[in-house]
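Just so it is clear, none of the values below were taken in a lab; they were calculated from the coordinates. For clarity, every value in this text was computed on a predicted model and none was experimentally measured. Using ideal geometry, Cβ is built from the backbone for each residue, glycine included, and neighbour counts are taken over all protein chains shown.
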Number of protein chains: 2
Amino acid sequence: MRPKIYLFGDSITEESFGDGGWGASLANHFSRTGDVVLRGYSGYNTRWALKVKEKVFSPPEREDAPLAVTVFFGANDACLPDRYGGFQHVPLDEYKHNLLAIVDFLKNRWPSTCIILITPPPIDEDARLQHPYVDNPSGLPERTNEAAGSYAKQCLAVAEECGVSAIDLWTKMQQFPGWQKAYLRDGLHLTQSGNKVVFEEVIKQLREEEIILETLPVDLPLLEEIDPKDPLKSFKN
Amino acid sequence: MRPKIYLFGDSITEESFGDGGWGASLANHFSRTGDVVLRGYSGYNTRWALKVKEKVFSPPEREDAPLAVTVFFGANDACLPDRYGGFQHVPLDEYKHNLLAIVDFLKNRWPSTCIILITPPPIDEDARLQHPYVDNPSGLPERTNEAAGSYAKQCLAVAEECGVSAIDLWTKMQQFPGWQKAYLRDGLHLTQSGNKVVFEEVIKQLREEEIILETLPVDLPLLEEIDPKDPLKSFKN
């Protein structure tokens, strides 16, 4: 059976199968070699993710180790505690411990699986004020780019500590002039171009872990392998 | 665990996770309630599909019955036997029997699963001449709309005979003026608008079978169900 790639994260993962989404692009890329499984939970932080981890993944006795798992949390943890998103806030120290615990859980369950941590994206505070989730008379954004940056840094520290891959999306995106509107549609969630960045970074990390389309086994004959003079020969096994 | 929706078919299924693809749109629609599993095999006809069916789906002892399976073959069966796609051609009678056998296989394995047959789309012969897969000096298209229509009719007959759902894509698409360019990008494969038609028709058929987003169980708390004053209450079970 085809191996799986799990995408575990918050709304930026949940909506990754929208038009041009990074999850759909991964599924398209691996269309004959792997199943991309969506496990995105809008609004979730690492505290909540930790509570549900056993329900997110199939029991180990029911399936083989997945090829890879992306773990993409922090955008909600980084909500400021005294703003309207405060109920989603998780202190920086706890974020680090929660993320360590998630990686630990995955490594214990599937020692050979490639784990890729993805930092939260940068935040465009102006756009957050223009697109608040609830009435926000304070005139202050519920997330700041600086806070997101602190969580991104901790995410990278966890990856380093655990010896797993990481994508520093917070830094990567800000290297592009006009990233605020180019990559983010509401100051937080991704545009199609932003989705493309994530897709390409995930593919790059997978490649570094030697999870490469060209070398993954294809479970059934490809059209170009089928002999037009005797097509059924390819299906004899 | 989340129930699955399998998409079993040829290239129109295989590429359904591209930008705006009908498979990705289904995965997005059911993002918190079901896993959409891609089982598209470019170039395949029902003869080849029948040979591989046991490898396409997980063994029954390893997973619960899926919610639904779409079966979307015929575009390759309908290649004309004396043109360059002749090695993919399957005679109309055999197409019918193969499709019956596929439905039989699925019904035996999972009696409660919703099966949706999808007819081949219409063919824009001019575009097929402009976008041949191989050098085609004959000046004749390898597929015709008339042939695709005969296979579509047999597909509907199989659905009727087996008492399963069907989507008459061949007829549906041709009701729209300018369907040739609006829905098909090379006379055969779907544009984003064509993908939208398939997505909407699949959702409609699922709804008729009472597979509806709003009534499917959600496996983990939705953000709007979480009490901002006591978020962890939602995660107590």
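General remarks:
- Here the Kirkwood formula puts the hydrodynamic radius of the stretch B:89-237 at 18.3 Å, using every distinct Cα pair.
- Fewest-first sequence of A:D135, A:D168 by Cβ atoms within 10 Å of each Cβ: A:D135, A:D168
- The spread of Cα positions in the protein assembly as shown, taken along each principal axis and listed from longest to shortest, comes to 71, 46, 42 Å.
- Placing a label point 7 Å from Cα along the Cα-to-Cβ direction at B:Y133 gives distances to the equivalent points in the other copies of 4.7 nm, listed shortest first.
- Label-point separation in nm, A:D19 to B:L213, each point 7 Å along Cα→Cβ: 1.5 nm
- Nearest-to-axis residue of chain B, judged by beta-carbon position, where the axis maps B onto A, in Å: B:A24, 2
- Here B:I102, A:I212 are placed in order of increasing Cβ neighbour count within 10 Å, fewest first, which gives A:I212, B:I102.
- Semi-axis lengths (Å, descending) of the ellipsoid that matches the C-alpha gyration tensor of the stretch A:1-76: 20, 18, 7
- Rg/Rh for the stretch B:55-134, where both radii come from Cα atoms and Rh is the Kirkwood radius: 1.08
- Cα Rg, Dmax, the stretch B:1-144, angstrom units: 16.4, 53
- Part-to-part distance (alpha-carbon centres) for the stretch B:61-114 and the stretch B:171-195, which is given in Å: 22 Å
- Cα-based Rg and Dmax for the stretch B:154-237, where Dmax is the largest Cα-Cα distance (Å): 20.0, 59
- Neighbourhood charge, 12 Å Cβ-Cβ cut-off, centred on A:Q205 and excluding it, Lys, Arg +1 and Asp, Glu -1: -3
- Springs join every pair of Cα atoms under 10 Å in this Gaussian network model of chain B, and among B:S165, B:S16, B:S138 the largest mean-square fluctuation is at B:S138.
- Quotient of C-alpha Rg and 2.2 N^0.38 Å, computed over the stretch B:95-138: 1.85
- For the residues of B:61-69, the average number of beta carbons from a partner chain within 10 Å of their own beta carbon is 1.
- Other copies of A:K53: label-to-label distances in nm, shortest first, labels 7 Å along the beta-carbon direction: 4.2
- Inter-copy separations for B:K204, label at 7 Å along Cα-Cβ, nm, ascending: 4.4
- Distance violations [Cα-Cα > 32 Å] among A:K229/B:K153; A:K153/B:K196; A:K107/A:K153; A:K181/B:K196; A:K96/B:K196: A:K153/B:K196; A:K96/B:K196
- Global form of the stretch B:147-196, assessed from the alpha-carbon gyration tensor, a/c cut-off 1.5: prolate
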